[in-house]
1. If I go through region 60-108 residue by residue, how many of them are more than 14 Å from C142 (Cβ to Cβ) and in contact with a strand residue (DSSP E or B) (Cβ under 9 Å, 6 or more places away or on another chain)?
2. Being in contact with a Leu (Cβ under 9 Å, 6 or more places away or on another chain), in contact (Cβ under 8 Å) with a residue 40 or more places away in the chain and over 19 Å from G145 (Cβ atoms) is the filter here; which residues of region 44-81 pass it?
3. With the condition kept exactly as written, say whether any residue in region 80-93 is polar (S, T, N, Q), part of a loop (DSSP other than H, G, I, E, B) and under 14 Å from G56 (Cβ atoms).
4. Which pairs do you get when a residue that is more than 12 Å from E135 (Cα to Cα), found in region 88-99, comes within reach of a residue that is part of a loop (DSSP other than H, G, I, E, B), reach meaning Cβ atoms under 6 angstrom, with the pair 6+ apart or on two chains?
5. Pairs only if they're at least six apart or on different chains, beta carbon under 7 angstrom, first in region 111-124 and aliphatic (A, V, I, L, M), second buried (at least 17 other Cβ atoms within 10 Å of the Cβ); list them, first residue then second.
6. It is to be established whether one or more residues within region 14-27 are in contact with a Pro (Cβ under 7 Å, 6 or more places away or on another chain), part of a strand (DSSP E or B) and not aliphatic (A, V, I, L, M).
7. Restricting to region 112-141, name every residue that is in a loop (DSSP other than H, G, I, E, B) and farther than 20 Å from V24 by Cα.
8. Applying the selection to region 68-123, what residues are among the acidic types (D, E) and surrounded by fewer than 16 Cβ atoms within 10 Å (Cβ to Cβ)?
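What follows draws every value from the coordinates through simple rules; no lab data is involved. Since we're looking at a predicted model, the values are computed, not measured. Don't worry about glycine lacking a Cβ; one is built from the backbone with ideal geometry, like all the others, and counts go over all protein chains shown.
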Amino acid sequence: MTHSPARIATRIILEKYRDPDSAVYHALRSGIHPRSLDERIIEARTVEGNVILDIGANAIWRLVTGIDPPRVFNSENACIGVGDSDTPEDPSQTGLYGPNVAFKGMDEGYPVVTDRSAVFRSTFGPSEALFYWREVSVTNTCGGGRIYLNRRVVDFGEKKQGETWSITVQLTIE
């Protein structure tokens, strides 16, 4: 019997909404599925792939083994960070590289674990993270001492005032 090596597949979904009144932002933060807000959507984009960072892989094993475990990636701690660097991903990296970065905690009900996947979702409101989004990562805190699980570089465009952007990162062990 031949076995292929396990890998972590990643799907990142970015949904951009017109939201001058913050109604979409509040709905998404409360856990409403974005499809119910389609009349305000500007763009939806899905990107496959990313790099699991060495620091993130080691955190997973420390959590599994209980050896000096870091802060967990749960609903109270996990965040998605975005930045404007286009420095290519490398497993040895320890964070986001852009001069402009922003972090946001999980939307209500996230993260979700199902079907060999962990799914994280954060929503940035109409006046948050107003810069070009070129990198994304899941972290175990929005504050200091964060551990970056992964990093993906992709040009998502410039987030502008009056837009709410929802970003979902799904990590699946295959």
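1. Residues that pass the stated criteria total 15.
2. R45, V47, N50, I52
3. Within region 80-93, the first condition is being polar (S, T, N, Q), and the residues that meet it are 85, 87, 92-93.
Keeping just the survivors that are part of a loop (DSSP other than H, G, I, E, B) gives 85, 87, 92-93.
Pick out the ones that are also under 14 Å from G56 (Cβ atoms) and you get 92-93.
The answer is yes; a qualifying residue exists.
4. Qualifying pairs under 6 Å: P91/L53; Q93/L53.
5. That search, which allows pairs on different chains as well, returns V112/V119; A118/P111; A118/L171; V119/Y110; V119/P111; V119/T168; V119/Q170.
6. If we filter region 14-27 for residues that are in contact with a Pro (Cβ under 7 Å, 6 or more places away or on another chain), which is where we start, we get 15, 19-20, 22, 25.
Among the residues that remain, those that are also part of a strand (DSSP E or B) are: 15.
With the extra rule that they be not aliphatic (A, V, I, L, M), the set shrinks to 15.
Yes, region 14-27 contains a residue that is in contact with a Pro (Cβ under 7 Å, 6 or more places away or on another chain), part of a strand (DSSP E or B) and not aliphatic (A, V, I, L, M).
7. As a first pass, look at region 112-141 and keep what is in a loop (DSSP other than H, G, I, E, B): 115-116, 125-131, 140-141.
Listed by number, the residues that qualify are D115, R116, N140, T141.
8. Of the residues in region 68-123, the ones among the acidic types (D, E) are 68, 76, 84, 86, 89-90, 107-108, 115.
Passing the criteria: D68, E76, D86, D90, E108, D115.
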